[in-house]
Structure formats: structure tokens, C-alpha cells
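Read-outs: derived from the displayed coordinates by stated rules, not from any lab. For clarity, every value in this text was computed on a predicted model and none was experimentally measured. Positions of Cβ are backbone-derived with ideal geometry, glycine not excepted, and every protein chain shown enters the neighbour counts.
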Protein chains: 2
Amino acid sequence: MKLLNDTIAKINKPNAEVEQAALERLRNQARPAGSLGILEPISARLAGIAGKIDVRLDRKIIVTCAGDHGVVEEGVSLFPQEVTSQMVYNFVNGGASVSVLANHAGAEVRVADIGVNFDFEPDLPIFHKKVRKGTANFTKGAAMSRDEAVAAIEAGISIANELVKENRPDMIGTGDMGIGNTTPSTAIIAVFSKLPVAELTGRGTGIDDDGLKLKVKVIEKGIEVNQPDASDPIDVLAKVGGLEIGALAGLVIGAAAHGIAVLCDGLISTAGALIACELAPAARAYLFASHRSQEIGHRFMHERMGLDPLIDLEFRLGEGTGAAVAMELLDASTRILADIKTFAEVGIVDAN
Amino acid sequence: MKLLNDTIAKINKPNAEVEQAALERLRNQARPAGSLGILEPISARLAGIAGKIDVRLDRKIIVTCAGDHGVVEEGVSLFPQEVTSQMVYNFVNGGASVSVLANHAGAEVRVADIGVNFDFEPDLPIFHKKVRKGTANFTKGAAMSRDEAVAAIEAGISIANELVKENRPDMIGTGDMGIGNTTPSTAIIAVFSKLPVAELTGRGTGIDDDGLKLKVKVIEKGIEVNQPDASDPIDVLAKVGGLEIGALAGLVIGAAAHGIAVLCDGLISTAGALIACELAPAARAYLFASHRSQEIGHRFMHERMGLDPLIDLEFRLGEGTGAAVAMELLDASTRILADIKTFAEVGIVDAN
């Protein structure tokens with residue numbers, strides 16, 4: 001708990017003067033005022049975070065956190081649990097969706113085992129941060145203990161710290177892998193929003209109508225059995241969350257404490273970001289939402305944090321795929337701010 | 001008219017077998033079926049166009065077509081007409097918005113003078129295709145003659161031909177520059193859709209409420225005075241269109257005839273694409289919509305062509321800026337199709 005508390009205490013505000021100077025430069029560029037839409041305030045915030053106008057997102061890392069879920073025994077996913085560990089190897093070998101899209105975005109994918117129900121070789125090039133081998137089935141009690149929830153968050157913080165120690169990243173994207181993990185993620189937003197579970201639940205990897213009804217019941221039961229306390233984010237994470245979701249929260253808190261922008265991916269990554277912002281509201285200033293996924297709970301998470309996703313390409317995959325694509329747009333926004341000439345620089349009269 | 005007719009006659013269908021094989025490969029990739037949303041059918045269409053699964057969009061060109069508009073004397077724009085020629089120099093010097101975003105996307109910007117009211121130096125590195133020095137004020141008669149409209153379209157076709165002769169591009173993006181050109185673009189969609197002008201008209205570079213009312217009246221007057229024939233796209237272009245809009249139509253037709261994918265930008269580029277598809281419906285198969293702009297007429301153009309824009313970043317700039325950003329997503333889609341491994345390739349059982 002000490003690492004978590006110390007890290008939250010370290011989060012400073014982005015540099016407001018630089019952000020203002022950036023907004024001023026954007027207004028003076030040789031184009032109609034505001035004509036580059038939402039990329040303008042984003043570029044200004046990135047400048048405030050970096051403390052300079054000419055931001056370079058050279059070192060971009062996507063951290064894909066993996067964990068298993070006891071609740072899959074209730075039949076909430078199309079895929080068997082073994083796929084979580086199999087996909088970890090697919091990430092490491094570079095053939096997965098996030099590998100391909102991160103490569104296109106000039107980003108590196110780093111995989112973290114937070115709670116996969118599998119023994120990976122100790123020399124597999126991943127962050128070995130296993131807290132336990134998958135959560136317990138939350139329809140029968142808490143998914144994990146409170147100590148394990150804190151350990152999962154601190155695993156994410158320690159990954160941020162290790163990445164900075166290696167070579168400070170300019171941006172961290174989040175991603176997830178864990179068969180069944182739209183179920184705890186939906187439970188988390190249901191607890192915080194107090195909205196009916198049926199209004200928040202999506203089809204995950206592609207379950208049918210009967211599967212969807214079952215999933216709603218499973219989530220409702222998990223909340224009923226555990227009675228998570230919405231005013232205590234660690235309690236919510238422990239009772240109906242997931243190990244990788246805890247680490248995804250920790251990554252956001254850790255990145256914010258280091259003053260690094262963090263871009264969250266789909267439903268699961270955003271569930272982690274939500275836990276982070278409930279624990280440490282100051283982290284919100286460093287957080288960007290990449291995309292709106294097809295999972296219907298996602299929009300309620302964004303609304304609660306006041307985040308406006310950049311894109312909606314009808315993705316519903318996770319892994320960090322949406323973060324990878326959106327990273328290219330954040331990168332483009334830094335060039336808008338720094339490189340487009342002002343009216344004065346090109347000798348055109350400003351009619352704005 | 002011969003070049004136009006000959007070019008339309010040359011448009012073939014994309015390779016349907018390759019497109020089907022691409023869709024099959026996407027379905028077999030190690031991820032939930034359909035989970036990469038709209039990038040999947042886009043990647044398959046790009047494969048059909050290229051005739052192969054591993055599409056490489058190495059040579060990407062954005063052609064920014066410039067022209068002036070007599071109708072600006074009615075006060076429809078915030079900016080004076082001289083800004084059109086000044087911005088041409090800004091494009092050539094690489095300091096404009098499209099220059100910066102194209103550079104980020106790995107694309108080259110080529111500028112074309114189709115009808116700027118300015119004498120450029122003959123050695124300025126642009127396509128010198130001036131048909132006339134700006135259109136006439138369409139509230140007082142046709143914007144241009146029928147012959148000039150055909151010449152503007154053929155200028156766009158000749159640019160596509162010259163680009164292919166230089167070094168065949170893998171993708172062409174369209175862009176525009178022309179003070180006042182949201183006015184003719186809105187007139188064009190009003191004629192084709194027969195919807196009330198007031199429901200289609202936006203603020204262009206940023207006019208206020210009074211300016212917007214005036215702009216609606218100007219467009220209504222232009223349509224009333226000229227009575228363009230919606231069944232004759234060249235008549236529509238000549239009477240209420242623009243010279244650069246004609247060239248933008250020609251670029252789409254020319255690209256399609258060469259079997260090259262073409263990505264259209266904002267309201268003005270899409271007005272050109274609309275003229276192209278009305279003249280040559282077969283061109284539609286090669287056309288992609290980059291973004292939905294803040295200009296309200298834009299969505300009606302997309303609807304008429306059955307195009308679904310990739311992004312909505314609240315842009316309202318033109319120049320090719322939306323095309324530049326969306327090009328990165330089309331490029332990413334080609335990697336999705338070719339590089340993500342299938343279930344069989346990574347040894348995971350397909351539960352889809």
C-alpha cells in the first residue's frame with residue numbers, strides 16, 4: 001500500500017503555462033481558428049505534460065497486461081481460459097493484432113503477466129508480475145483479497161517505474177489480455193455508475209443472445225454476493241475486478257506520477273483507468289481515451305471520467321489495438337502544434 | 001470530352017476473388033471475428049484494388065487542387081481571395097496544415113492550380129492546369145462554361161495520368177484550397193439531394209450567424225438563377241461548381257481508371273468525388289471517405305455515395321488534412337490483413 005500511496009502523492013499537474021502558450025500558437029496558425037478540431041486541445045495538453053511546445057513521442061510503449069478470470073467457469077466467454085496464455089506467446093512472437101498495429105504506429109509492445117493461470121518460462125521476455133493464478137469466480141465470493149488487489153495495482157506502478165528506469169517513455173499505451181475480462185470490467189462500471197447491468201453489458205468476443213442474458217445474470221450475481229463499496233475503488237477491484245485490471249490502474253497512476261501521457265485502450269483498459277481516477281483524480285490530466293469500442297459499457301466509463309475518445313472504428317478486441325491506432329493521431333497532433341506555420345510566419349493576414 | 005469519356009470507359013472492377021480471399025483470411029485471424037471493425041472490409045477492398053493480399057501503400061500522394069470563386073464578392077467568406085494564392089506558396093514551402101499532416105503520414109503533397117486568380121511563376125513546382133482565373137459569381141449566371149467544366153475535370157484526369165507516368169502511386173488523396181469554396185460545394189449537394197439549402201449549409205472558415213444566413217441566400221439564388229440539371233453532373237459543375245472541384249472529380253475518375261485507391265478529404269473534395277460518381281458510378285469502388293467534417297452538407301454527400309467516413313475529429317479545414325490523417329488508418333488496415341497471424345498459424349483453436 002506504501003508504493004501506491006507514495007506514487008499517488010507524486011502526481012503533479014501538467015504545466016498550465018506551456019498548455020496556454022500552445023493554445024495561443026494553435027490560434028495563430030495560418031488556418032481557420034479551431035479547424036483541426038479535437039487534435040488541438042489534445043496537442044496542447046501533450047505540450048503541458050511534456051513542458052514544451054515541440055513534443056516528440058519518440059519512445060512509445062504499449063503495455064499489454066494479462067490475467068485470468070475464475071468467472072469463466074460460468075460460461076461467459078466463447079474462448080477457453082488457455083487462450084490467455086497462448087495469446088501471451090503470440091504477443092511475444094509479434095504475430096498478434098496489437099503487435100501488428102503497434103509496429104505500424106512505431107510503438108513497442110511489452111507484455112505483463114499479472115495473473116495468468118499458467119507457468120511461463122522465467123526467461124520469457126515479459127514482465128513477470130504474477131499476483132496469483134487467475135481470480136476466483138466472483139459469483140461465489142470476492143475475485144481476490146484486498147491485499148492482492150493492492151499488489152496488482154502496485155505491479156502496474158512497478159512496470160511504469162521499470163520502463164522509466166530502462167529509458168523514459170514519451171507515451172504509454174495500455175492493453176489487456178484475459179479470457180472473460182469484459183465480465184469484471186462491466187461489473188466495475190455497473191458498481192460505479194449504479195446503472196442496470198443489462199444496460200452496460202456487451203457481447204465480448206462474440207457471445208449470442210442466450211450468452212448475453214447469462215452474462216448479465218452472472219454480473220448481477222457477482223455484485224449481489226459481494227456488495228462492493230463504490231466509494232472504495234480497491235474494494236470494487238478486489239470483489240468484482242481482475243488482476244490485469246488492477247495493473248492497468250497502476251500503470252495509469254505510475255505514468256501520471258512520472259509525468260508521462262497515458263493512452264487507454266478498450267473496455268478493460270478503461271476499467272483500469274477508471275479505478276485509477278477514482279483512487280487518484282489527479283491522474284486524469286495525463287489520460288487520453290483512444291477509441292470507443294463496441295462494448296456498450298465503454299461509453300459510461302468515458303462519461304464518468306469526462307474523456308472523449310478519438311476514434312470509433314467499431315473495434316472490440318482489446319490487447320491495446322485501439323491505443324496503437326490512436327497513438328498515430330496523438331503523434332500527428334504534436335506535429336500540428338509544432339510544425340504548422342502561423343499567419344505571421346507566412347505573411348498572410350489573419351481574418352479569424 | 002474525349003479524355004473524360006475514354007477514361008470513364010477504362011474503369012474496371014476491383015478483383016473480387018482477391019477481396020473474398022482477404023475477407024476469408026481476416027475471419028481466420030487469431031482474434032474474435034469482426035473485432036477490427038471497419039478496417040476489415042477496407043483492407044479487403046484495398047486488396048481487391050491492388051490484386052493481392054499484401055498491399056503496400058508505399059507511394060502516397062495528396063493532390064491539393066486550388067481555384068478561386070467569383071461568388072466571394074457576395075461576402076460568403078471571412079478571408080479575402082488573395083489567401084488562395086498565398087496558401088499555394090505555403091503548401092509548396094511545406095508549412096501548411098496539409099504539409100505537416102501528410103509528412104506525418106509518409107505522403108507527398110502535390111499542388112495543382114486549376115483556377116487561381118493569380119499568375120504563378122512557370123517554374124513554381126506545382127501542376128500548372130489553370131482553366132481560367134477563378135469562376136464567375138454564380139448568383140449572376142453560370143460559374144463557368146460547359147467546356148470549362150469539362151476542361152477542369154480533364155485537368156484532374158491528366159494529373160492522375162502524369163503521376164502514374166512519373167511513378168505509379170499506391171494511393172491518391174484529394175485536397176482543396178479556394179477561398180469561398182464551401183459555397184459551391186454546398187450548392188452541388190443541394191442540387192443533387194434536393195434538400196433545403198439551409199439544412200446543408202455550414203460556417204466554412206468560421207462565419208457568424210448573419211454570415212450564415214447570407215450564405216444560404218447566396219446559394220439559393222445561385223440555384224434559382226442557373227437552374228442546374230441534377231441529371232447532368234457537368235451542368236451542375238458548370239453552373240454552381242468550382243474549377244478545383246472539377247479537377248477533384250477528374251482525379252477520382254483518373255485514379256479509378258488506373259486501378260488506384262483514392263481517399264477523399266472534406267466537403268470540397270467530396271463534392272468533387274460526388275460529381276465523379278454521378279458521371280462514372282464505377283469509380284465508387286475505388287473511393288474511400290476519410291473523415292466527416294463539421295460542414296453539415298458533408299454527411300449528405302457521403303450518404304448519397306454510400307460511403308462511411310473513417311474518422312470524425314471535428315476537422316473543418318480541407319487542404320487534404322483529413323485525407324492525410326485517414327491515410328495512416330488505411331495504411332494500418334493493410335498491415336492488419338497481411339500481418340496478423342491466423343489461428344492455424346499460431347496453433348490456437350478457433351472458437352468463433
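Would you mind checking the tilt of helix B:182-193 against the longest principal axis of the Cα atoms of chain B, expressed as 0 to 90 degrees and rounded to 10?
70 degrees
Long-range amide H contacts for B:PHE138: which residues qualify at under 5 Å (H placed 1.01 Å from N, peptide plane, sequence gap of 5 or more or a different chain)?
B:VAL71
In percent, how large is the relative contact order of segment B:1-103, given Cα pairs closer than 8 Å and 6 or more residues apart? Walk me through the numbers on the way to the answer.
Working: 56 pairs, mean separation 21.2, N = 103.
Value for segment B:1-103: 21 percent.
For a test of the definition: using alpha carbon positions, the gyration tensor, and the 1.5 limit on a/c, classify segment A:60-332 as rounded, prolate or oblate.
On the way: a/c = 1.35, a/b = 1.27, b/c = 1.06.
Taking the square roots of the gyration eigenvalues as a ≥ b ≥ c, segment A:60-332 is rounded.
For segment B:57-66, take each phi angle, set θ = phi - 60°, evaluate the Karplus expression 6.51 cos²θ - 1.76 cosθ + 1.60, and give the result in whole Hz per residue in order, putting x for glycine and proline.
8, 6, 9, 10, 10, 10, 9, 9, 9, 10
Between B:ASN5 and B:LEU214, how high is the FRET efficiency from 1/(1 + (r/R0)^6) when r is the Cβ-Cβ distance and R₀ = 45 Å? Nearest 0.05.
Numbers: r = 39 Å, r/R0 = 0.87.
Using R0 = 45 Å, I get an efficiency of 0.70.
In peptide B:338-345, how many Cβ atoms from other protein chains are near each Cβ within 10 Å, on average?
On the way: counts 1, 9, 9, 8, 1, 2, 0, 2.
Mean shielding count: 4.
Please list 3J(HN,Hα) in residue order for segment A:97-112, calculated via the Karplus relation 6.51 cos²θ - 1.76 cosθ + 1.60 where θ = phi - 60°; whole Hz, with x for glycine and proline.
Result, rounded to whole Hz: 4, 5, 4, 5, 6, 5, 4, 5, 8, x, 10, 9, 9, 10, 9, 10.
For every other residue with a beta carbon closer than 10 angstrom to the beta carbon of A:ILE340, add +1 if it is Lys or Arg and -1 if Asp or Glu, then tell me the sum. Present the calculation step by step, with values, prior to reporting the outcome.
Details: positive: A:ARG25, A:ARG31, A:ARG335, A:LYS341; negative: A:ASP339, A:GLU345.
Result for the local shell: +2.
On a C-alpha basis, how far is the centre of segment A:5-28 from the centre of segment B:204-242 in Å? Whole number, if you could?
45 Å
Which of B:ASN90, B:ASN167, B:ASN12 moves the most in a Gaussian network model of chain B with Cα springs under 10 Å?
B:ASN167
Is it possible to state the helix-based mean residue ellipticity at 222 nm for chain B, with each DSSP H run of 4+ residues giving -39500 (n - 2.57), the sum divided by total residues, to the nearest 500 deg cm²/dmol? What is it?
Value at 222 nm, helices only: -15500 deg cm²/dmol.
Count the net charge of all other residues whose Cβ sits under 10 Å from the Cβ of B:THR205, scoring Lys and Arg as +1 and Asp and Glu as -1. Could you put the intermediate results ahead of the total?
Numbers: positive: A:ARG31, B:ARG203, B:ARG316; negative: none.
Value of the local net charge: +3.
Long-range amide H contacts for A:PHE127: which residues qualify at under 5 Å (H placed 1.01 Å from N, peptide plane, sequence gap of 5 or more or a different chain)?
Under 5 Å from the amide H of A:PHE127 lie the amide H atoms of A:VAL111, A:ALA112, A:ASP113, each far enough along the sequence or on another chain.
What FRET efficiency, computed as 1/(1 + (r/R0)^6) with R0 = 41 Å and r the Cβ-Cβ distance, is obtained for B:GLU162 and B:ASP54, rounded to the nearest 0.05? Don't skip to the answer; put the middle values down first.
On the way: r = 28 Å, r/R0 = 0.68.
Efficiency at R0 = 41 Å is approximately 0.90.
Can you tell me the relative contact order of chain A? Whole percent, Cα pairs under 8 Å, sequence separation 6 or more. Each step should come with its number before you reach the end.
Numbers: 773 pairs, mean separation 90.2, N = 352.
Normalised by residue count, the contact order of chain A is 26 percent.
Report the residue, chosen from B:SER77, B:SER145, B:SER231, that carries the largest GNM mean-square fluctuation when chain B is represented by alpha-carbon nodes joined by springs under 10 Å.
In this elastic network of chain B, the residue with the biggest mean-square fluctuation among B:SER77, B:SER145, B:SER231 is B:SER231.
Using a 7 Å offset from Cα along the direction of the beta-carbon, what are the separations from B:LYS140 to the same position in each other copy, nm, ascending?
Output for B:LYS140: 8.6 nm, nearest copy listed first.
So what's the gap between the Cα centers of segment B:248-314 and segment A:253-310, to the nearest angstrom?
34 Å
Show me, for segment B:70-80, the HN-Hα J-couplings you get by feeding each phi into the Karplus relation (A = 6.51, B = -1.76, C = 1.60, θ = phi - 60°), rounded to Hz, glycine and proline as x.
So the Karplus estimates, Gly and Pro as x, are x, 5, 4, 5, 7, x, 8, 10, 5, 9, x Hz.
Taking chain B as a Gaussian network, where each spring joins two C-alpha atoms under 10 Å apart, which residue of B:VAL83, B:VAL262, B:VAL116 fluctuates the most?
It is B:VAL83.
In nm to one decimal, list the spacings between the B:GLU224 label point and its equivalents in the other copies, with label points set 7 Å along Cα to Cβ, shortest first.
Output for B:GLU224: 6.7 nm, nearest copy listed first.
Taking 30 Å as R0, compute the FRET efficiency from the Cβ-Cβ separation of A:ALA16 and A:ASP147 and round it to 0.05. Walk me through the numbers on the way to the answer.
On the way: r = 38 Å, r/R0 = 1.27.
After rounding, the FRET efficiency stands at 0.20.
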